[in-house]
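Worksheet for the structure shown next.
The values are calculated or read from the model by the stated rules, or taken from the named source; none is laboratory data. These figures come from a predicted structure and were not determined experimentally. Cβ coordinates were reconstructed from backbone atoms using ideal geometry, including for glycine residues, and neighbour counts include every protein chain displayed.
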Amino acid sequence: MSDRDGFTSVSFTSIPKHEFDQLKAVAGQRGMYPRDLFSAALRQLLADRKAGTEIIYPASRKGGIKRAMWLEEDLVEEMNSAATTDKVSQTVIFVTALKRFAQRESIDIEV
């Protein structure tokens with residue numbers, strides 16, 4: 001990971017391309033950058049987790065593509081801590097956050 005002005009580059013693997021592109025389109029429709037939508041989804045998952053909500057993590061997937069993005073340093077640190085504590089990868093945290101976001105917002109995609 002490298003750092004840039006309060007942001008850290010992070011990579012996620014096995015992200016389904018079609019679903020990722022759909023969520024990027026949703027961000028555009030809402031006048032947001034995709035990173036902002038992804039950050040909001042991650043922050044909500046982490047807040048729910050902190051509040052004691054049970055988080056169901058999906059099994060790791062095969063296939064998909066690797067995605068790299070710049071996320072806020074504090075968010076990456078909190079995501080890494082949650083991944084370590086819950087014994088899952090960053091990718092599993094990311095995919096879970098996107099899936100929960102889609103469900104909460106009634107967006108018909110399968111992440």
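Tell me yes or no: at least one residue of the range 73-96 is without any contact (Cβ under 8 Å) to a residue 12 or more places away in the chain, basic (Lys, Arg) and not in a helix (DSSP H, G or I).
Yes, that holds for at least one residue.
Can you tell me which residue is surrounded by the most Cβ atoms within 10 Å (Cβ to Cβ) among those in the range 1-40 that are of a type in the set (D, E, K, R) and assigned to a helix (DSSP H, G or I)?
Only one residue tops the list, namely 19.
Would you confirm whether or not the range 47-63 contains a residue that is modelled with pLDDT under 95, assigned to a strand (DSSP E or B), over 19 Å from residue 104 (Cβ atoms) and out of contact with any Ser or Thr (no Cβ under 7 Å at 6 or more places or on another chain)?
No, the conditions are met nowhere in the range 47-63.
With respect to residue 43, is the statement that it is charged (D, E, K, R), assigned to a helix (DSSP H, G or I) and either loosely packed, with under 12 Cβ neighbours inside 10 Å or free of Cβ contacts under 8 Å to residues at least 40 places away in the same chain (or both) true? Quick ask: steps written out before the conclusion?
On the way: charged (D, E, K, R): yes; assigned to a helix (DSSP H, G or I): yes; either loosely packed, with under 12 Cβ neighbours inside 10 Å or free of Cβ contacts under 8 Å to residues at least 40 places away in the same chain (or both): yes.
Yes, satisfied.
More than 14 Å from residue 83 (Cα to Cα), among the β-branched types (Val, Ile, Thr) and surrounded by fewer than 15 Cβ atoms within 10 Å (Cβ to Cβ) - does that describe any residue in the range 48-70?
yes
Considering only residues that are among the small types (Gly, Ala, Ser) and touching a Lys or Arg at 6+ places or on another chain (Cβ under 9 Å), which ones fall in the range 70-95?
If the condition is that a residue be among the small types (Gly, Ala, Ser) and touching a Lys or Arg at 6+ places or on another chain (Cβ under 9 Å), then 82 is the only one that fits.
With the checklist (1) closer than 16 Å to residue 94 by Cα; (2) at pLDDT 95 or above in hand, flag the one item residue 17 doesn't pass.
Against the list (1) closer than 16 Å to residue 94 by Cα; (2) at pLDDT 95 or above, residue 17 comes up short only on (2).
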